[in-house]
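The values are calculated or read from the model by the stated rules, or taken from the named source; none is laboratory data. Since this is a predicted model, take the numbers as computed values, not measurements. Methodologically, a virtual Cβ is constructed for each residue, glycine included, from the backbone with ideal geometry; neighbour enumeration extends over all protein chains shown. Only protein heavy atoms, including side chains, enter the accessible area calculation; ligands, DNA and RNA are left aside. Shrake-Rupley method; radii C 1.70, N 1.55, O 1.52, S 1.80 Å.
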Amino acid sequence: MAIDSLCDRPMSDPFDLSAAVATSSAQPQALAPEPAYLAVLNAEQRVAVEAIDGPVLVLAGAGTGKTRVLTTRLAHILHQRKAFPSEVLAVTFTNKAAREMVDRVTQLIGRPAEGLWLGTFHAMAARILRRHAELVGLKSDFTILDSDDQTRLLKQLLRASDIDEKRWPARNLSIIIQRWKDRGLAPEKAATTDGAEFANGRAHELYRQYQERLRAVNAADFGDLLMHNLTIFTVKSDVLAEYEQRFKYILVDEYQDTNVAQYLWLRLLARARHNICCVGDDDQSIYGWRGAEVGNILRFEKDFPGAKVIRLERNYRSTGHILGAASGLIAHNAGRLGKTLWTEGVDGEPVAVTSCWDGDEEARIVGEEIENLQRRGESLDQMAVLVRAGFQTRAFEERFVSIDLPYRVIGGLRFYERQEIRDAIAYLRVLANPDDDLAFERIVNTPRRGLGDATLQLVHRLARASDCSLHAAADMLIETDELKPKPRGALASLLKNFAAWRVLAEEAPHWDVLDTLLTESGYIEMWKKDKTPQAPGRLENLDELTGALEEFESLGEFLEHVSLVMDREEGQGEEMVSFMTLHGAKGLEFDNVFLPGWEEGLFPHQLALDESGAKGLEEERRLAYVGLTRARKRAYILSAANRHVHNQWISALPSRFIDELPTDHSEARNGDDFRGAQPTSSSSPRNRTRTSVQNFDIAVWQKEPEEGSLTVGKRIFHQKFGYGRILAVEGSKLSISFDKAGDKKVIDRFVQLA
């Protein structure tokens with residue numbers, strides 16, 4: 001029977017639970033006292049807990065007590081003896097969430113909740129699959145492959161099929177296969193047109209071979225766990241019926257993040273009794289890029305006619321102004337079921353909206369405000385900077401290091417610790433010092449140049465024997481016949497490039513040298529060909545690094561600065577500001593949240609708009625909503641009129657999301673407001689932001705100044721450094737003594753006569 005036909009069956013009547021709650025004693029019993037756990041719930045939470053029978057959708061807004069409702073509902077089912085623990089299925093997205101739920105339920109009912117089917121989707125699907133593995137050609141002791149094992153197996157298939165793995169990487173194929181599995185599509189169901197960009201359309205055939213190979217070695221990957229369950233339920237109706245009868249109640253956490261395979265799996269298991277309770281928030285569905293379908297939660301009432309929808313809107317986290325701003329913003333989304341967060345707490349401070357000249361000023365303002373809050377007794381642990389893209393943290397990290405403000409990067413690496421940044425810096429280190437063996441070893445075969453272990457071992461042996469650097473040893477080797485022609489040619493080409501780049505470094509700015517180096521080495525092209533979700537972010541980080549070099553007088557000064565930054569260690573027990581992406585911040589909360597980079601193209605991100613259109617825009621807006629609702633006391637939104645991207649200044653417009661903030665709950669500020677001055681009148685952020693951008697007079701630096709107008713001794717004004725006097729003119733570069741910023745070198749397009 002097809003999955004679609006199973007899902008389209010008419011629903012049966014609700015299962016009669018009278019026998020399950022009947023007791024063996026015929027003696028009348030006194031009414032039991034109301035459980036204490038019900039008394040701590042608000043009215044809406046209590047309805048969600050006590051509405052046990054039938055389909056229930058709990059729309060739980062941010063900070064409304066979702067976890068409490070889910071765990072209390074599970075405890076209530078057990079306490080009321082509606083089902084034994086083994087007759088309840090509860091699925092979460094993380095093992096941590098599952099463990100916390102077990103602990104809470106145990107506390108609520110006063111005894112161990114043993115026997116529950118409680119865990120992640122993958123864990124529960126694996127448990128079922130082990131019992132019925134033979135139905136899909138596996139044995140019960142099958143191995144579950146991790147991502148490394150999966151990639152290794154795919155590499156074997158690519159070699160056997162005579163496909164160039166350098167051109168068509170195995171990890172790219174694994175992403176395509178995972179997309180099929182996330183939709184519950186086995187090879188015979190997957191469309192041959194999908195994955196057409198891989199290996200000239202051979203992805204579908206490779207998928208079939210991969211599945212055959214998995215069966216041959218008695219293995220499954222994570223995507224198989226649910227997909228094999230769906231196959232079993234489709235072809236063996238008696239097995240499906242067994243689990244339909246077993247699970248009297250199904251509870252689902254974070255339903256808005258489910259993909260198609262998870263959705264189908266839940267629908268099939270809930271079909272007979274339809275005692276399913278899904279808890280989620282359509283306004284916090286932000287993982288579409290990894291397969292999550294917000295449509296799953298939006299069509300719940302259609303999937304389960306007669307479903308009860310309960311909205312949790314009372315927020316226990318944020319102030320009234322923060323909730324008002326977030327609710328007003330998300331109301332612009334069409335694809336939502338609708339709810340409005342509110343609180344009985346104080347209104348607090350309006351959301352602060354600030355327009356900055358550039359990213360450096362943005363970082364300075366945030367740093368100063370954090371210091372102000374710290375002086376007022378606020379904890380650094382309760383402050384977070386949430387960015388849309390990882391490259392944004394660079395300016396903040398630089399600023400925080402310079403003012404000795406401790407920080408941590410959560411869910412990722414500090415900017416200069418990231419793989420692509422370490423690689424690029426290694427190239428620069430070899431450029432500056434050919435005898436830097438650690439740097440040379442890191443990049444000699446990155447990107448791949450066909451230099452295998454045998455070649456590198458030979459270089460190492462010669463270096464040790466000659467007491468010289470690896471670079472010098474390689475230079476000697478390419479003049480001999482010790483190496484085969486191909487690796488000798490590759491090594492010679494690399495050394496020749498470094499020689500050319502060193503000549504270029506004597507003539508061109510060091511940031512231009514890095515741009516040339518990364519392009520001619522093939523490093524940029526390597527990441528452009530990479531189809532993993534992380535690749536675009538890596539390219540953005542490299543652009544940011546190129547721009548960062550312009551702030552330093554020389555390459556040596558930059559490399560010394562990086563060494564000092566990397567040497568900074570986190571103190572044990574020290575309070576720190578948290579840096580993280582908006583995606584990584586979901587589920588967390590802080591007293592003070594800073595949201596920089598609210599500009600068109602960055603947030604909403606242009607890639608999301610280009611790839612998904614209106615759907616992508618709505619997910620970006622949900623991401624903005626998530627960012628705002630992380631804040632308890634204060635939220636700060638910042639945008640920059642200019643961004644330095646890939647060695648050029650980009651004029652940026654404030655994000656449309658700023659225009660969508662309700663003026664009653666937001667307040668426009670300027671940089672001086674963060675130094676202790678009173679905020680200006682609460683005029684519309686919409687108007688203030690646009691006026692601020694216009695006041696920068698961007699046209700001044702977009703056209704060349706009149707010839708002869710900027711001469712030595714002339715008084716000028718620079719938007720970033722203020723007033724100053726020209727000391728020297730070298731083409732388009734000016735040496736200026738600024739009244740407050742000291743001596744600086746700037747481009748003539750960035751100044752105007754005072």
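Kindly provide the Kirkwood hydrodynamic radius of region 402-506 in Å, to one decimal, from all pairs of distinct alpha carbon atoms.
One over the average 1/r among Cα pairs gives 15.2 Å for region 402-506.
At 1.4 Å probe size, with the rest of the protein present, what percent of the exposed accessible area of region 483-616 is carbon and sulfur atoms?
Reported share for carbon and sulfur atoms: 50 percent.
For the chain, find the longest principal axis of its Cα atoms and tell me its angle to the long axis of helix 203-216, 0 to 90°, nearest 10.
On a 0 to 90 degree scale, this one is about 60.
What value, in deg cm²/dmol to 500, does the helix sum -39500 (n - 2.57) over DSSP H runs of n ≥ 4 give at 222 nm once divided by the residues of the chain?
-13500 deg cm²/dmol
Any idea of the accessible area per residue across region 234-359, 1.4 Å probe, to the nearest Å²?
Heavy-atom accessible area per residue stands at 32 Å².
How would region 76-118 be classified by its alpha-carbon gyration tensor: rounded, prolate or oblate, with rounded meaning a/c under 1.5 and the a/b versus b/c comparison settling the rest?
The shape class here is oblate.
Please report the spacing between the Cα centers of region 649-669 and region 396-446 in Å, no decimals.
One Cα centre to the other: 34 Å.
With a ≥ b ≥ c the root eigenvalues of the C-alpha gyration tensor of region 53-107, is it rounded (a/c under 1.5), prolate (a/b larger than b/c) or oblate?
oblate
Classify region 175-215: rounded, prolate or oblate, from the alpha-carbon gyration tensor (a ≥ b ≥ c, eigenvalue square roots; a/c under 1.5 rounded; otherwise prolate if a/b is larger than b/c)?
Oblate is the answer for region 175-215, as a/c is 1.5 or above yet b/c matches or exceeds a/b.
Under a 1.4 Å probe, what is the accessible area of region 36-86 per residue, stated in Å²?
Heavy-atom SASA per residue in region 36-86 reads 34 Å².
Leaving out ligands, DNA and RNA, what percent of the accessible area of region 67-148 is carbon and sulfur, probe 1.4 Å?
47 percent
Please give me, ordered by residue number, the GluC sites (Glu not before Pro) of region 411-512 that lie in loop per DSSP and have at most 12 other Cβ atoms within 10 Å.
Glu479, Glu506, Glu507
Hey, what angle do you get for helix 359-375 against the long axis of the chain, alpha-carbon based, 0 to 90 degrees rounded to 10?
Value to nearest ten degrees: 60.
Express as a percent, rounded to the nearest 5, the fraction of DSSP beta bridges in the chain (both residues included) that run antiparallel.
35 percent
If the reach is capped at under 17 angstrom between alpha carbons, list the aspartates and glutamates near Lys484, excluding any in the same chain fewer than eight residues apart.
Within reach: Asp453, Asp475.
Express in whole angstrom the spacing between the alpha-carbon centres of region 227-271 and region 329-351.
When both Cα centres are located, 34 Å separates them.
Compute the acute angle (0 to 90°) between the alpha-carbon long axis of helix 606-628 and the principal axis of greatest extent of the alpha-carbon atoms of the chain; round to the nearest 10°.
Taking the Cα atoms of the chain, the angle to 606-628 is about 80 degrees.
Roll a 1.4 Å probe over the protein chains and send me the accessible area per residue for region 459-586 in Å².
So region 459-586 comes to 51 Å² accessible per residue, rounded to a whole number.
Show me, for region 287-304, the HN-Hα J-couplings you get by feeding each phi into the Karplus relation (A = 6.51, B = -1.76, C = 1.60, θ = phi - 60°), rounded to Hz, glycine and proline as x.
3J(HN,Hα) across region 287-304, in whole Hz: 10, x, 5, 10, x, 5, 10, 5, x, 4, 7, 5, 9, 4, 5, 6, 5, 10.
Over the chain, what is the relative contact order in percent, taking alpha-carbon pairs closer than 8 angstrom and at least six residues apart?
Relative contact order here is 14 percent.
Quick one: Karplus J couplings for region 537-547, per residue in order, coefficients 6.51, -1.76, 1.60, θ = phi - 60°, nearest Hz, x for Gly and Pro?
Per residue, the Karplus-derived 3J(HN,Hα) values read x, 5, 5, 4, 5, 5, 4, 4, 5, 4, x Hz.
Tell me which trypsin sites (Lys or Arg not before Pro) from region 416-459 have a DSSP coil assignment and no more than 12 other beta carbons within 10 Å of their own.
Arg448
Roughly speaking, to the nearest percent, how much of region 386-478's 1.4 Å accessible area is carbon and sulfur?
47 percent
Residue by residue through region 395-401, which ³J(HN,Hα) values in whole Hz follow from phi under the Karplus form 6.51 cos²θ - 1.76 cosθ + 1.60 (θ = phi - 60°), with glycine and proline marked x?
After applying 6.51 cos²θ - 1.76 cosθ + 1.60, I find 4, 5, 4, 4, 5, 5, 5 Hz.
So who's got an amide H within less than 5 Å of the one on Val387, skipping anything under 5 residues away but keeping other chains? H placed 1.01 Å off N, in plane.
Long-range HN contacts for Val387: Met580, Thr581, Leu582.
Hey, can you grab everything whose amide H is under 5 Å from the amide H of Val309? Only 5+ residues off in sequence or another chain; H modelled, so Pro and N-termini drop out.
Leu57
By a straight-distance test (C-alpha under 12 Å), which aspartates and glutamates pair with Lys181 as possible cross-link partners, with residues fewer than eight away in the same chain excluded?
Once the sequence-local aspartates and glutamates are set aside, what remains near Lys181 is Asp221, Asp224.
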